[in-house]
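Below: the structure, in structure tokens.
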Amino acid sequence: QILIYMFRSFATHTTPTRPHNIRRGHRTPPARHPTRTPSDDETKDTRAVGSWCRRVEGMSPRRRATAALAAALLPAAVAWCPPVPSARRLAPLLPARTTPGTSLLAVSGDAAPPDPSPSDAFFWDDPFTDVPVVSPRDSSAVSALVSLSAVSNTEALNALLKEIAGGRTPAAASRAEDVLLLAERLVDGPVPDGASYTIVLCGWGRSTHSLCGECAEGLLRHMEAGGAAADGDGGAAAAGRAEMPRRRVAPNTIHYSAVMNAWAKSRTDGSAGRAEAVLDALERAHDSRPDRPAELRPNKISYGTVIKAWATSRGGGGAAERASRVLQRMEERAGDDPSARPDAVDYGIVINAWARCRERGSAQRAQNILDRMERVEESARPGAAAFGAVIDAWARSGEPRAAERAELALDGMERAYAAGRQEARPHRGIYAGVIAAHAASGDPRAPERALGVLRRMDRAAAEGNWDAAPDGHAFNAVIAACARGGVRGCAKRAEGVLAFMTEAYAAGNYGARPSVVSFNNVIVAWSKTREEGSAERAEWVLRRMVAWGLEDGCGRGQTPRPPVMPNTVSFNAVINAWAKSGRPVGATRAEEVLSLMERLYIEGDDHVKPSSLTFNSVLNAWAKSGAPGAARRAEEILLKMEALADAGICGVRPDTISFNTVIDACRPVPGTSRGDDSHILDIARRTFEKIVDLSNREKFGRPDSVTYSTFLNACFFLSSGKEQEAMVRKVFKRCCDDGLLDNFILRQLRRQLRLEMFREMFGKYKMIGVEGLSVKKLPPKWSRNVELRRVRKNPKISWPR
């Protein structure tokens with residue numbers, strides 16, 4: 001009786017919190033001790049048992065060792081004290097850990113206690129040490145014994161199983177299954193019913209382990225066989241359990257569906273196929289019975305689970321095809337059984353499967369399923385999710401006229417909503433998908449069509465559908481489409497969309513508040529165009545952003561937002577616009593913008609910190625300006641970058657592009673002779689020697705083929721005679737030593753060198769004509785470091801003399 005009380009006390013007493021279980025910095029709470037001995041009714045309370053199950057993992061090592069000791073001594077208590085009914089109930093449930101030929105399951109009231117041996121113990125060392133010595137399997141057995149000792153009926157058993165299997169860990173489902181299998185063999189205990197098995201199967205479905213499907217299907221096979229002997233026992237132990245009564249619970253549709261769900265949640269290779277195999281077994285079990293029992297009839301949940309398993313697998317188009325086949329089987333069975341009729345959710349899962357696979361023809365398959373939904377009954381009509389998935393499939397397909405097909409799907413959705421179907425109400429995400437399809441189409445008319453979709457959104461919002469009101473994402477997508485248009489007038493159209501955006505925001509559509517991305521996209525659009533005055537317009541938009549940000553502040557909506565102020569991307573785009581203008585004043589204006597950035601950064605605005613890209617854009621502006629003194633000014637900016645990097649300012653260290661741009665800026669000044677350009681050649685020589693120096697490669701990077709070809713151009717146009725030939729030979733030798741000789745440099749040498757010198761350098765390699773020039777005919781080590789993925793066109797030198 002004392003041992004039985006020890007078991008029951010673990011179910012109701014609160015374990016004091018151990019100091020080593022408390023995180024550092026937290027005070028140890030005072031220990032809570034029971035003030036009275038619990039009664040039998042309180043001991044059998046299911047909630048108390050569930051509370052113990054939640055605290056068993058936090059039990060101290062000494063307390064767990066005491067529980068193991070009580071479990072080890074319980075067979076002796078059963079042998080010497082046979083009148084105790086609870087001990088007789090628990091005896092058949094103990095694991096067989098005795099000498100061969102002896103089974104604790106066969107212990108009777110008149111039998112003598114077995115001889116103790118080291119293998120009988122549930123612990124490996126002294127049980128009263130602070131070292132956790134209880135094995136995990138024996139702890140699980142003790143947990144099951146203590147739990148079942150307080151359960152008296154099936155309702156309490158199901159409540160206990162729900163408490164144990166409520167977690168999402170494999171250990172929770174495994175403990176629940178241990179309790180269920182032990183309850184099957186209990187002589188006078190609670191009888192498991194169908195709900196008991198459903199709870200455990202659903203527990204495996206909630207588990208995150210990859211073997212949850214295997215474990216759930218194993219329990220289903222156990223139900224089909226009427227209960228099998230538990231594994232892990234041997235010899236007479238298995239024989240003793242075989243003589244015990246088994247409670248047969250035949251599986252039904254709910255159990256099969258729970259196993260399918262467990263396979264669908266496992267997400268392992270072949271899990272969807274195993275789920276479909278369980279569905280096939282359910283159909284065979286139903287169709288093979290003459291009476292066609294209703295409890296084995298596959299329903300909507302069974303088919304929907306398998307469809308979801310295939311749709312969420314990693315099988316691509318094959319998985320989507322299998323999901324479509326299961327949907328077709330579901331439609332065929334719905335003719336005889338209305339409970340298996342698919343609804344909009346089942347159709348939508350298959351459509352999403354086709355939309356995600358991104359294979360050729362997948363968008364059309366998704367469109368076909370959407371057309372089938374239009375022809376079925378009212379409960380399966382497509383909603384916004386189905387239309388959105390089809391539009392997304394067309395937007396990602398990349399097929400010809402995919403954007404037009406996406407807009408046709410949008411037209412059908414608007415017609416369905418106008419007919420009174422509220423589930424087909426279009427929202428801004430649907431329209432954004434159509435805009436994205438037009439932006440990715442590459443059609444020259446894409447910006448205009450994207451703007452047309454944006455106006456449709458505005459009209460829908462004016463008619464009362466506020467879910468379709470255009471927001472900042474929709475406006476930014478249209479602006480980006482205009483910026484990528486590449487045709488004349490795209491930048492102006494993007495600026496018009498920005499004006500439309502500010503008007504919508506002023507009219508009360510706070511979701512359409514222009515952001516930094518909105519203004520930056522317009523600036524980038526002006527920087528990419530070659531229209532006259534594009535640089536001035538880009539700088540005007542930058543100034544407009546500053547004025548609008550100061551006027552709007554943190555926004556007018558309900559939640560404050562950060563003010564719209566220009567950042568590094570904004571200034572870089574303006575500098576790039578001035579650099580691409582090719583005007584002599586462009587370099588000066590680009591450097592003025594750089595000076596403004598530096599002043600703002602010094603004043604504390606970290607969002608406008610100049611970067612290497614900023615300085616490289618200014619260098620490019622000087623290189624393309626053609627102004628006198630461009631080479632000297634470019635060298636000064638390069639030296640400034642080196643000084644800033646040496647001072648510890650991150651992100652401004654010059655790289656290979658910086659040096660190449662400075663060398664490119666070393667061009668002859670119009671109206672001067674070659675002798676007057678000697679100082680420009682000296683700048684090019686100093687910059688080239690600095691980048692090719694081995695000691696500077698860790699600091700500035702390695703030279704590339706562009707470095708050598710650009711310096712060769714400077715040599716050809718800034719020198720002459722023997723000086724030119726000597727420099728070309730020296731540069732060519734160093735280029736071959738670095739393994740950076742490519743076809744561009746070969747053609748450059750062929751066009752600029754005298755034929756005699758070219759024959760002297762490459763005559764033995766049989767490369768005389770321009771058409772036969774190729775690095776493949778030269779030693780491989782000369783071009784070992786060339787980036788083959790970069791295709792360089794033939795040089796077209798048009799420098800003025």
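With the structure loaded, tell me whether ALA504 is more than 21 Å from GLY412 (Cβ to Cβ) and either part of a helix (DSSP H, G or I) or aliphatic (A, V, I, L, M) (or both) or whether it fails that test. Break it down stepwise before answering.
Details: more than 21 Å from GLY412 (Cβ to Cβ): yes; either part of a helix (DSSP H, G or I) or aliphatic (A, V, I, L, M) (or both): yes.
Yes, satisfied.
Kindly establish whether ILE435 is in a helix (DSSP H, G or I) and either touching a Gly at 6+ places or on another chain (Cβ under 7 Å) or modelled with pLDDT under 90 (or both). In short, no. Restricting the first member to the range 386-406 and to residues that are open to solvent by 40 Å² or more (accessible area, probe 1.4 Å), and the second to residues that are assigned to a helix (DSSP H, G or I), the beta-carbon pairs closer than 6 Å and six or more apart or on different chains are ASP392/ALA355; ASP392/GLY433; ARG405/TRP394.
Right, ALA643: surrounded by 13 or more Cβ atoms within 10 Å (Cβ to Cβ), out of contact with any strand residue (DSSP E or B) (no Cβ under 9 Å at 6 or more places or on another chain) and of a type in the set (A, V, I, L, M) or not?
In short, no.
Screening the candidates GLY586, GLY626 for the property of being small (Gly, Ala, Ser) and either farther than 23 Å from ILE657 by Cβ or open to solvent by less than 50 Å² (accessible area, probe 1.4 Å) (or both) yields one hit, GLY586. Residue count for the range 172-193 satisfying the condition of being open to solvent by 50 Å² or more (accessible area, probe 1.4 Å) and modelled with pLDDT of 80 or more: 4.
I'm checking my understanding of the structure. Among residues of the range 597-620 that are outside any helix (DSSP H, G or I) and surrounded by fewer than 16 Cβ atoms within 10 Å (Cβ to Cβ), which one is farthest from the chain's Cα centre (by Cα)? Once the filter is applied, the top-ranked residue is GLU603. For the range 418-448, the set of residues classified as closer than 12 Å to ILE479 by Cα and open to solvent by 30 Å² or more (accessible area, probe 1.4 Å) consists of ALA436, GLU448, listed by residue number.
One residue alone among ASP467, ASP443 is more than 17 Å from ARG537 (Cα to Cα), among the charged types (D, E, K, R) and not in a helix (DSSP H, G or I), and that residue is ASP443. Between LEU186, LEU201, LEU160, the distinction of being outside any loop (DSSP other than H, G, I, E, B) and more than 20 Å from ARG267 (Cα to Cα) belongs to LEU160 only.
The values are calculated or read from the model by the stated rules, or taken from the named source; none is laboratory data. The model shown is predicted, which means the values in this text are computed figures rather than measured ones. A quick note on method: Cβ atoms are made from the backbone with ideal geometry, for glycine too, and the neighbour counts reach across all protein chains shown. For the accessible areas, the whole protein counts, side chains as well, though only heavy atoms, and no ligand, DNA or RNA atoms are used. Shrake-Rupley method; radii C 1.70, N 1.55, O 1.52, S 1.80 Å.
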